[in-house]
Every structure is written in C-alpha cells, then in structure tokens.
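Undergrad: I have a structure I would like to understand better, so I am pasting it below and will then ask my questions one at a time.
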Amino acid sequence: VDLTPGPDAAFDPEFSPDGTMIAHNRSPDNGPHAEIWIGVLNAARTAFVDAWALTGRGYVAAEVDPTWSPDGARIAYSSYDGPGIWFTEGIDPALGLTWRIYGMEVNPAGRRGTNRRVLVDAVAEANTVSWLPGYSPDGGQLAFIRSTFNPAAWPGGYPFGTASSRLCVANADGTGQR
C-alpha cells in the first residue's frame, strides 16, 4: 500500500510506539531537502487519515532519521544546518558542516511539533558530525553516531564514506554525552 502518493520522495519510516502513526521523511517534489512528517494511520493501517509536517524550515536544512521516544511523546532526529545542499553538492570544508541532533515534542491534536531544541550539538572537531539518534527502551538515554570524515576522499559525494564512526550515548535531554 502506497501511503505517500505524489511527487514527494518518502524515506526513513518509523512507527510510533502505539502503532497509530508513522514518522517519515519527505523531500518536497523529490528535491534535495527533507522534512519530517507524521502520518496518522487508519485502523486497518492501509492509509493515512491525516498527515502533517513536524519539521520544515523551507529549503534551508535536511531533517532526517526520526526516532520516537518509547512513550511516543517526542521525536529525536538529525538535522543538517548549513550552506549548500548536502546530498547533491557534497561537502566543502570552506562552507562548514553542522549536523546536530534535535528533539521535539509531538502534538497530534495540534498537528505540529513543539519545543524544538538541540539535544546533541555539533562538536569542535573538524569534519565531525553527530547523527542517527535512537532512544533507549526506557527513554532515558539517546544513542547516536559521531562520524569523522575526510572530504577529499569523496569530493562530490555523500558523507556516509566516513573515515571513522563512534557510537556515543547521552541522557535523553542531551546532557552527559559519552
């Protein structure tokens, strides 16, 4: 069943803990930027009865990798805040590269996200990003990947060709990173 007909590309789906919603990414008109959307499922889970953008700041960021807190009240996600178009232009160290992990409360009744805040900030290490969050089963911690890469190794490409990646953990509010 195609839940997202139309020209927008859809990717990174994740069911809410109660199974009534799916957080996913949409790329408007199949373009180079991504927003996180929430789709509310019908009882048969064959169609969205409602869908709305949780994030989206126009064409200035890519907000990807949504993950639900175990209680379904929050979503953490990776966000690229920087110049350029991250997955078509590659990374130019002169432009800067800032991947952060944000958290946001989900308000289905209001069809929006609230209290957006940085959970894991960019680090001072050159060419290092924090991304791909995941909540612990009790919701008290957030695991994420911190990757260091060599832009010269993939001058026109995507930053998944990393030189090294480390699994890190922080408290769910972003404190106590280790």
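The values are calculated or read from the model by the stated rules, or taken from the named source; none is laboratory data. Here the structure is a predicted model, which is why all the values come from computation and not from measurement. Note that each Cβ is placed from the backbone with ideal geometry, even for glycine, and that neighbours are counted across all protein chains shown. Ligands, DNA and RNA are excluded from the accessible area calculation, which covers all protein heavy atoms including side chains. Shrake-Rupley method; radii C 1.70, N 1.55, O 1.52, S 1.80 Å.
Undergrad: Tell me, which residue of segment 4-44 that is in contact (Cβ under 8 Å) with a residue 40 or more places away in the chain and of a type in the set (D, E, K, R) is nearest to residue 132 (Cα to Cα)?
TA: Filtering segment 4-44 for residues that are in contact (Cβ under 8 Å) with a residue 40 or more places away in the chain and of a type in the set (D, E, K, R), the one nearest to residue 132 (Cα to Cα) comes out as 12.
Undergrad: Looking at segment 1-30, which of the residues that are among the acidic types (Asp, Glu) and modelled with pLDDT under 90 is nearest to residue 112 (Cα to Cα)? First the steps, then the outcome.
TA: We begin by selecting, within segment 1-30, every residue among the acidic types (Asp, Glu); these are 2, 8, 12, 14, 18, 29.
Adding the requirement that they be modelled with pLDDT under 90 leaves 2, 8, 29.
On the way: 2: 23, 8: 20, 29: 21 Å.
For segment 1-30, the residue satisfying everything is 8.
Undergrad: For the structure I just gave you, tell me whether residue 88 is crowded, with 18+ Cβ neighbours inside 10 Å, modelled with pLDDT under 95 and not in a strand (DSSP E or B).
TA: no
Undergrad: Can you confirm whether segment 114-131 contains a residue that is at pLDDT 90 or above and buried (at least 18 other Cβ atoms within 10 Å of the Cβ)?
TA: yes
Undergrad: Just to verify a result, which residue in segment 1-17, among those that are in a loop (DSSP other than H, G, I, E, B) and out of contact with any helix residue (DSSP H, G or I) (no Cβ under 7 Å at 6 or more places or on another chain), is least open to solvent (accessible area, probe 1.4 Å)?
TA: Among residues in segment 1-17 that are in a loop (DSSP other than H, G, I, E, B) and out of contact with any helix residue (DSSP H, G or I) (no Cβ under 7 Å at 6 or more places or on another chain), the one least open to solvent (accessible area, probe 1.4 Å) is 16.
Undergrad: While we're looking at this one, here's another question. In segment 91-110, what count of residues is obtained for those that are within 18 Å of the chain's Cα centre (by Cα) and either at pLDDT 85 or above or open to solvent by 50 Å² or more (accessible area, probe 1.4 Å) (or both)?
TA: 8
Matching residues to (1) under 23 Å from residue 174 (Cα atoms); (2) open to solvent by less than 30 Å² (accessible area, probe 1.4 Å); (3) under 11 Å from the mean Cα position of the chain (by Cα); (4) modelled with pLDDT of 85 or more:
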| site | (1), (2), (3), (4) |
| --- | --- |
| 32 | no, no, no, no |
| 43 | no, no, no, yes |
| 57 | yes, no, no, no |
| 64 | yes, yes, yes, yes |
| 75 | yes, yes, yes, yes |
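Undergrad: Only residues that are over 24 Å from residue 80 (Cβ atoms) and under 17 Å from the mean Cα position of the chain (by Cα): list them for segment 1-15, please.
TA: 15 - this is the single residue of segment 1-15 that is over 24 Å from residue 80 (Cβ atoms) and under 17 Å from the mean Cα position of the chain (by Cα).
Undergrad: Here are some conditions: (1) over 28 Å from residue 38 (Cα atoms); (2) in contact with a Lys or Arg (Cβ under 8 Å, 6 or more places away or on another chain); (3) modelled with pLDDT of 90 or more. Residue 168 meets all but one. Which one does it not meet?
TA: (1)
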